[in-house]
Amino acid sequence: MRFVPTSCLREGMQLAKPLYRGNNELMLACGVSLSRRYIDSIRRLRYPGIYIDDDISKDIEIVNSISDELRRETMTGLSKIYITAQQGGKANNRLDINRQVEDIVDELLCNQSMMLNMIDLRSFDSYTYSHSVNVAVLSIIIGIVFNHKKDDLIKLGLGALLHDIGKVFISKDILNKEGPLTENEFDIIKTHPQKGYDYVVDRYNMPILSRVTIADHHEKYDGSGYPKGKKKSEISLFGRITSVSDVYDALTSERPYRKALSPSEAVEYIMGGSGTLFDPDVVRVFTKKVAPYPVGSSVKLSNGWVGLVIENYESFCLRPLIRIFQEDGKQVTPFEISLKDDMEYLNVTIEGLADGI
Ligand SMILES: [Fe+2]
């Protein structure tokens, strides 16, 4: 399978992964052939793209970091917590999401060599919950490289999953505003980490490490963040980790006020903020585990060739294994090159995504 951006979809392409709406309802099943109507729906729901199967990609398997079933289960559990918070729910002192977070940690611990390889196929209306699950997954992946024990990884995952619970108490008009925010509106947004912290302290028996993750997720390494303007080690490590995961996943999502960045653009942004916005140690681990060109991406090389990324290597994120299928605009019999190992391609670099293929 391979990833095709929504702008490049054509009738007759065959869906390689099912698509779900925000409420977890199946929208299009695996194997469906795209019609004009389906393409219009995919556009309307602002999916970034879809995975398709075709001759050059049918043997490429793309495995998500966690199972689709666990992802959907976690999103459902999270939506219940959000709805309870919105309704001013009574204290129950028990978080029903603990089991799912433990399952996520177990799945990720079983696949420690795995990189974040999959582009999340989310519709616009499922942003809050799918974003929160992604932030938890990426934060746990980083936490694993930092050698945290399972108990602590669960605490990190819980905090990361609920990092934005405080947004429940912010007006939707401000959260979804399409134009620039006024100073006053931004001041209101800035209260959500503290509001989230206060809410979980009040309602849930949540470990302190999870709570501070919520409180610190918008603090910046150089002190320019909010709500407290903490610096460096004044910010909890889990807060520093979640800050990177949160920004990366937000940048790669379509939002009311801007278009989604590609994974490579978002990775570059995070690298650019190393030591200023973000903890350099966290950024170092992040760049080891997040592929700028996920498996299934079509890429353009500096020698004029176009190919599909078929494998990424930890710590060599810009030197994947690539299946070349086009040379100087002409189709060729596909062959594979490893930018990491093949010495003859040492000078060849990835120039960017080959959209339109
Ligand atoms: Fe936030």
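If you build a Gaussian network model of the chain, linking Cα atoms that sit under 10 Å apart, which residue out of Phe186, Phe278, Phe286 swings the most?
Phe186
What value in Å³ per residue do you get for the convex hull of the alpha-carbon atoms in the range 312-357?
Hull volume over Cα atoms, normalised by residue count, gives 93 Å³.
Identify which of Gly229, Gly77, Gly179 has the largest mean-square fluctuation in a Gaussian network model of the chain, with springs joining Cα atoms closer than 10 Å.
Highest fluctuation among the options: Gly179.
I want the local charge near Val101. Using Cβ-Cβ distances under 13 Å, sum +1 for each Lys or Arg and -1 for each Asp or Glu among the other residues.
Taking every other residue near Val101 into account, the sum is -4.
Counting only other residues whose beta carbon sits under 12 Å from that of Val283, what net charge do I get with K and R as +1, D and E as -1?
Around Val283, the surrounding residues sum to +1.
Calculate how steeply helix 192-203 sits against the longest principal axis of the alpha-carbon atoms of the chain, using the helix alpha-carbon long axis, and give the answer as 0 to 90 degrees to the nearest 10.
With both axes taken from Cα atoms, the answer is about 60 degrees.
Could you list the square roots of 5 times each eigenvalue of the Cα gyration tensor of the chain, that is, the equivalent ellipsoid semi-axes, sorted largest first and rounded to whole Å?
35, 23, 19
For Gly352, list long-range residues whose amide hydrogen, built 1.01 Å from N in the peptide plane, is under 5 Å from its own amide hydrogen.
Result for Gly352 returns Lys300.
Answer rounded, prolate or oblate for the range 229-324, using the Cα gyration tensor with square roots of eigenvalues a ≥ b ≥ c: rounded when a/c is under 1.5, else prolate when a/b is larger than b/c, else oblate.
prolate
State in Å² the accessible area per residue of the chain; use a 1.4 Å probe, count heavy atoms of protein chains only, and round to the nearest integer.
For the chain, the per-residue accessible area is 46 Å².
In the chain, what percentage of the DSSP-assigned beta bridges are antiparallel, given to the nearest 5?
The antiparallel proportion sits near 95 percent.
Roughly how tilted is helix 150-161, in degrees to the nearest 10 and between 0 and 90, from the longest Cα axis of the chain?
The angle comes out near 90 degrees.
Subtract the Cα-Cα distance of Ser302 and Glu178 from 0.36 nm times their separation in residues, and report this length gain in nm to one decimal.
40.9 nm
Relative contact order, percent, of the range 284-357 when contacts are C-alpha pairs under 8 Å separated by at least 6 residues?
Taking the mean separation of contacting Cα pairs over the length of the range 284-357, I get 30 percent.
On a 0 to 90° scale, report how tilted helix 68-86 is relative to the longest principal axis of the chain, with both axes built from alpha carbons and the result rounded to the nearest 10.
Between the helix axis and the principal axis of the chain, the angle is about 30 degrees.
For the chain, set up a Gaussian network in which alpha carbons nearer than 10 Å are linked by springs, and say which option among Gly31, Gly166, Gly307 fluctuates the most.
It is Gly31.
What length, rounded to one decimal in nm, is gained on full extension from Ser67 through to Asp341, with 0.36 nm per residue of separation minus their alpha-carbon distance?
95.5 nm
For labels at Lys80 and Val32 in the simple 7 Å Cα→Cβ model, what's the distance in nm?
In this crude label model, Lys80 to Val32 measures out at 2.8 nm.
Counting only other residues whose beta carbon sits under 14 Å from that of Lys155, what net charge do I get with K and R as +1, D and E as -1?
Charge balance in the 14 Å sphere: -1.
Go through the range 251-284 and name the trypsin sites (Lys or Arg not before Pro) that are in a DSSP coil and have 12 or fewer other Cβ atoms within 10 Å of their Cβ.
In loop regions of the range 251-284 (DSSP not H, G, I, E or B), the sparsely surrounded trypsin sites (Lys or Arg not before Pro) are Lys259.
Would you please give the FRET efficiency between Asp187 and Ile39, computed as 1/(1 + (r/R0)^6) with r the Cβ-Cβ distance and R0 = 35 Å, to the nearest 0.05?
My answer for the efficiency is 0.25.
Percent of accessible area on the chain owned by carbon and sulfur, 1.4 Å probe?
49 percent
Lys172: which aspartates and glutamates have alpha carbons under 15 Å from its alpha carbon, excluding same-chain residues fewer than 8 sequence positions away?
Result set, ordered by chain and number: Asp125, Asp164, Glu185, Asp187.
For the chain, what's the relative contact order in percent, using C-alpha pairs closer than 8 Å and at least 6 residues apart?
That works out to 15 percent.
The values are calculated or read from the model by the stated rules, or taken from the named source; none is laboratory data. Remember, it's a predicted structure, so these values are computed and weren't measured experimentally. Here Cβ is always computed from backbone atoms with ideal geometry, including for glycine, and neighbour counts include all displayed protein chains. These accessible areas exclude ligands, DNA and RNA; they are computed on the full protein's heavy atoms, side chains included. Shrake-Rupley method; radii C 1.70, N 1.55, O 1.52, S 1.80 Å.
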